[in-house]
Amino acid sequence: MSKIYGTIIIGSGPAGYTAAIYAARSNLSVLVLQGYQAGGQLMLTSEVENYPGFENGILGPEMMEKFEKQAQRFGAELLPEDVTAVDFSERPFKVTTDFGEYFGQTVIIATGASAKWLELPAEKRLQGRGISACATCDGFFFKGKDVVVVGGGDTAMEEASFLTRYANTVTLIHRRDTFRASKIMQERVLKNPKITCVMDSEVVDILGEQSVEAVKLRNVKTGKEQELATQGVFVAIGHQPNTSLFKDIITMDEHGYIIPVEHTMTNIPGVFVAGDVTDHRYRQAITAAGEGCKAAIDVERWLEAQG
Ligand code: FAD
C-alpha cells in the first residue's frame with residue numbers, strides 16, 4: 001500500500017484549502033485532490049468584495065491562488081485530479097482518481113455545489129453567449145440590454161434585482177403563480193420599475209444561433225406559447241451539491257446535501273464534511289472557509305482520540 005495520509009481532502013474551494021491549511025499546520029500529512037475546478041466556484045467570478053481582510057476587494061482567482069499557496073506553505077500536497085470512487089468500508093479509506101489510488105486515515109469532503117440548469121439543448125450551445133447562472137459574474141456584459149431571469153426563489157429575486165443595475169429591463173419568469181422567495185425579497189422585486197414578472201410560465205426553448213435572441217415560453221395553465229425577445233438568460237433555479245460519489249454511503253438530505261451527524265463528522269466515523277456541499281443556506285466563501293477550519297480541527301481531535 002502506498003503512503004497513508006493523515007487526511008485526504010476532496011475539493012479545493014475555500015473549504016478544502018482552509019481545511020488543508022489547518023490540518024497541515026497541525027502536522028498532519030495532507031493530500032488535497034483538487035478536482036476538475038481547482039480553486040472552486042470563485043474561479044468563475046471577478047471581484048470578491050465581502051471576504052474580510054481585503055478592504056478594496058480581490059479577484060476571485062487571485063484570492064484562491066493565495067489560499068492555495070498558503071496551504072502549500074505548510075506542506076499540503078495538491079493534485080489536480082478528480083475523485084472517481086471512494087471506499088469508506090475500512091480504514092485507511094481509499095480514494096480513487098483516474099491517475100491512482102490514495103489512502104487516508106481520514107477524509108474531508110469539500111466538493112461544493114454547482115448551479116442547476118434547465119436541461120434544454122440550447123443551454124450548451126449558448127452558454128457564455130448570453131446564458132449564465134451568475135448575475136454577479138456576467139451582469140456587467142448586459143449593460144443596456146433586455147434580460148430574463150428564470151426562477152422563483154430568493155436567488156432568482158436577488159439576481160433580478162442585481163441585474164437592474166446594468167440591464168435595461170429584467171423579466172422574471174416563474175412556472176408557478178406565487179414565488180417561493182421570502183416576502184422582503186419579493187417586495188423589493190415587485191417595487192422595482194425595471195422588473196416585470198411573467199407567472200405560470202416555463203421556458204421551453206432559448207432561440208438564437210450565435211447569441212441569445214429570444215426565449216420561447218409556455219403558459220403551464222393554458223398551454224399557450226409565446227416568444228419573448230431577450231439578449232440574456234439568467235438561470236436561477238438552485239444549486240446541486242456535488243455528492244453523487246457518496247450516494248448510498250453518506251447520509252444526505254432529500255436534495256443531496258450531506259448532513260453531518262456530530263459537529264462536522266458524517267455518519268462514517270473518520271469522514272468529515274465542509275462548505276457548500278453541506279450548506280444550502282449561506283453559500284459564501286467565508287462560511288465555507290469557516291467550516292473547513294472546523295473540519296480540520298475535528299479531524300485532528302478525532303485522530304488523537306483514536307490513539
Ligand atoms: P467550491 O468552491 O464549490 O469548491 C468545490 C471544489 O470541489 C472544487 O475545487 C471542485 O474541483 C472540487 N470537486 C468537486 N467534485 C470533485 C471530485 N469528484 N473530485 C475532486 N474534487 C472535486 N461567495 C462569497 O463569499 N463572495 C462572493 O463574492 C461570491 N461570489 C461568487 C460568484 C460566483 C460566480 C459563484 C459561482 C459563487 C460565488 N460565491 C461567493 C460563493 C462561493 O464561491 C462559494 O460559497 C464557495 O466557493 C464554496 O466553497 P466550497 O469550498 O464549499 O466549494
Filtering strands (runs of 3 or more DSSP E) wholly in segment 199-294 for at least 2 residues that are open to solvent by less than 50 Å² (accessible area, probe 1.4 Å) gives 201-207, 214-219, 232-235, 239-241, 271-273
May I ask you to list the residues in segment 274-286 that are of a type in the set (Ser, Thr, Tyr) and free of Cβ contacts under 8 Å to residues at least 12 places away in the same chain?
282
Answer yes if at least one residue in segment 121-143 is open to solvent by 80 Å² or more (accessible area, probe 1.4 Å) and touching a strand residue (DSSP E or B) at 6+ places or on another chain (Cβ under 6 Å), and no otherwise.
no
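Residues are listed down the side, and each one gets a yes or a no for (1) within 16 Å of the ligand (Cβ to nearest atom); (2) farther than 30 Å from residue 60 by Cβ; (3) of a type outside the set (A, V, I, L, M); (4) not assigned by the TED database to the domain that holds residue 67:
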residue: 202; (1), (2), (3), (4): no, yes, yes, yes
residue: 209; (1), (2), (3), (4): no, yes, yes, yes
residue: 217; (1), (2), (3), (4): no, yes, no, yes
residue: 249; (1), (2), (3), (4): yes, yes, no, no
Of the residues in segment 262-293, those that are small (Gly, Ala, Ser), modelled with pLDDT of 95 or more and within 14 Å of the ligand (Cβ to nearest atom) come to 274, 275, 288, 289, 290, 292
Yes/no for residue 307 being farther than 23 Å from residue 66 by Cα, exposed (fewer than 15 other Cβ atoms within 10 Å of the Cβ) and over 19 Å from the mean Cα position of the chain (by Cα)
yes
Does residue 22 satisfy being within 9 Å of the ligand (Cβ to nearest atom), modelled with pLDDT of 95 or more and part of a helix (DSSP H, G or I)?
no
In segment 78-155, which strands (runs of 3 or more DSSP E) lie fully inside it and hold 3 or more residues that are more than 11 Å from the ligand (Cβ to nearest atom) and outside the structural domain of residue 212 (by the TED database)?
101-109
Output the residues belonging to segment 100-120 that are surrounded by fewer than 19 Cβ atoms within 10 Å (Cβ to Cβ) and over 25 Å from the mean Cα position of the chain (by Cα).
100, 101, 103
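The values are calculated or read from the model by the stated rules, or taken from the named source; none is laboratory data. All figures in this text were calculated on a predicted structure; none of them were measured in a lab. Cβ coordinates were reconstructed from backbone atoms using ideal geometry, including for glycine residues, and neighbour counts include every protein chain displayed. Only protein heavy atoms, including side chains, enter the accessible area calculation; ligands, DNA and RNA are left aside. Shrake-Rupley method; radii C 1.70, N 1.55, O 1.52, S 1.80 Å.
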